[in-house]
Each structure stands twice: as C-alpha cells, then as structure tokens.
Amino acid sequence: MLEAMDALMLMNTAGSGDALSEISAQLTEVLNRARVADGVVAYLRAPAPEAGAGSGADADSPAGGLGQTEDDLALSSEVADAFDGIDDLAAGLHDLAIDRLIIGGIDVDRSVYHTAMAGLACNFDVVVLKDGVIAADGQPVDWADAAAGDGAVLSDAAQTWLRM
C-alpha cells in the first residue's frame, strides 16, 4: 500500500501580473519545499482562457513564471472548478495516494475556492494557503472563512509542510 502524501496545486500562476507578484514569494516558498521532497506539483489553469487570449510566453503555460519542471503536472480546465473541468483528476490523484491538497494561486472566477470545495467533496483534506491566494484584481479573497467553515484548513505558507 502506498503511503499517503500531499499534492501542491498552484492555480492561475501564468504571467507576471500584479496579483502574482503579491503572492509569488509565498508560493515559491512552498514550491521549493515540494521540490526538495520530490513531491507532486500540479499547475492548474481554471478557467482556461480562450484560444489566443493572453499574451507573452507564459500565457500558454499553466505554470507561468513559477518554474514548471518536466515532472510537474500542467492542467487546464474550461470551468472554475478544476475537478469538474479535468476528467479523472480526483481519481488520478487518489491513484497516486494523494489524500491532501495544498492549494494556492490567483483566484480567477473563484476558481481556487471552487476547486478547494470540490477537493473536499472528492474526499481530500484541503489546505488553502491563506497568504498564497489572491483575487485576480489583487484584492484579498472574501471566502476564506467560509472555506474553513466547510472543512478546509487555512494555513500560512511558512507553516505549511508537505508530506511526500
């Protein structure tokens, strides 16, 4: 039997806009820990922009400026809830013995919230990086307390360690 482990899910980090600059240090801190532990890292774009939308080299990659490696997952969903928009995402993560999701990134169309709530519904424990999530307009998200009330754990990046 595989030992339970975590997956780091970084959402909508493509590009180098103001919103990403507000949280990039926190996301990089957790990402570096995942790299050292040889952990599962998934870059998610949800909802994915229409073909031709966006600009720059990073616009086509879900990872953007955070440095995706060939071992990382790079996934795009047409809807805000990545579990709804990516076939077999939950089953694939469960097959890897993932039982806890660490989620951060830019909350485009409440995608981080919807994906976190769907993760709970798919029987994952969910940790939301409270200092590693920001709305697309650069403002703090307004749903963190509601997510905690629904079962997600809120944690600062500096206090979040991944099991690998």
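Considering only residues that are among the polar types (S, T, N, Q) and not in a helix (DSSP H, G or I), which ones fall in segment 148-164? Please lay out each step first, then the result.
First pass over segment 148-164, keeping only residues among the polar types (S, T, N, Q): 155, 159-160.
Residues satisfying the conditions are Ser155, Thr160.
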Exercise. Answer with yes or no whether Asp38 is surrounded by 20 or more Cβ atoms within 10 Å (Cβ to Cβ) and within 17 Å of Arg163 (Cβ to Cβ).
Key: no
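Assess whether Asp145 counts as being at pLDDT 95 or above, of a type in the set (Asp, Glu) and in a helix (DSSP H, G or I). I'd like the intermediate steps shown before the answer.
Details: at pLDDT 95 or above: yes; of a type in the set (Asp, Glu): yes; in a helix (DSSP H, G or I): yes.
Answer is yes for this residue.
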Self-check item: Residues satisfying the stated conditions in segment 108-145, i.e. touching a Phe, Trp or Tyr at 6+ places or on another chain (Cβ under 8 Å) and closer than 15 Å to Tyr43 by Cβ
Solution: Thr115
Quiz item: Got a number for residues in segment 102-132 being more than 14 Å from Ala148 (Cα to Cα), of a type in the set (A, V, I, L, M, F, W, C) and in contact (Cβ under 8 Å) with a residue 40 or more places away in the chain?
Solution: 2
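Which one is nearest to Gly85 (Cα to Cα), of the residues in segment 1-12 that are modelled with pLDDT of 90 or more and either over 15 Å from the mean Cα position of the chain (by Cα) or assigned to a loop (DSSP other than H, G, I, E, B) (or both)? Quick ask: steps written out before the conclusion?
So the first thing to find is which residues in segment 1-12 are modelled with pLDDT of 90 or more, and the list is 5-12.
Add one more test, that the residue is either over 15 Å from the mean Cα position of the chain (by Cα) or assigned to a loop (DSSP other than H, G, I, E, B) (or both), and what stays is 5, 12.
Working: Met5: 23, Asn12: 14 Å.
The qualifying residue nearest to Gly85 (Cα to Cα) is Asn12.
Give segment 8-29 a look and list any residue that's out of contact with any Asp or Glu (no Cβ under 8 Å at 6 or more places or on another chain) and closer than 15 Å to Thr69 by Cα, or say none. Explain how you work it out, then say what you get.
The first filter runs over segment 8-29 and keeps only residues out of contact with any Asp or Glu (no Cβ under 8 Å at 6 or more places or on another chain), leaving 8-10, 13, 17-18, 20-22, 24-25, 27-29.
Those that are out of contact with any Asp or Glu (no Cβ under 8 Å at 6 or more places or on another chain) and closer than 15 Å to Thr69 by Cα: Leu8, Met9, Leu10, Thr13, Thr28.
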Quiz item: Just one of the numbered conditions (1) without any contact (Cβ under 8 Å) to a residue 40 or more places away in the chain; (2) assigned to a helix (DSSP H, G or I); (3) more than 13 Å from Thr160 (Cα to Cα) is not true of Ala19; which one?
Solution: (1)
Quiz item: If you scan segment 107-135, which residues turn out to be loosely packed, with under 15 Cβ neighbours inside 10 Å and closer than 26 Å to Arg35 by Cα?
Solution: Asn123
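So, in segment 38-92, exactly how many residues are part of a helix (DSSP H, G or I), modelled with pLDDT under 85 and of a type in the set (A, V, I, L, M, F, W, C)? Walk me through how you get there before you give the answer.
Going through segment 38-92, the residues part of a helix (DSSP H, G or I) turn out to be 57-60, 64-66, 82-85, 89-92.
Now drop any that are not modelled with pLDDT under 85, which leaves 57-60, 64-66.
Narrowing the set further to residues that are of a type in the set (A, V, I, L, M, F, W, C) leaves 57, 59, 66.
Here the count works out to 3.
The values are calculated or read from the model by the stated rules, or taken from the named source; none is laboratory data. All of these numbers come straight from a predicted model, not from anything done at the bench. Neighbour counts are summed over all protein chains in view; Cβ atoms, including those assigned to glycine, are modelled from backbone coordinates with ideal geometry.
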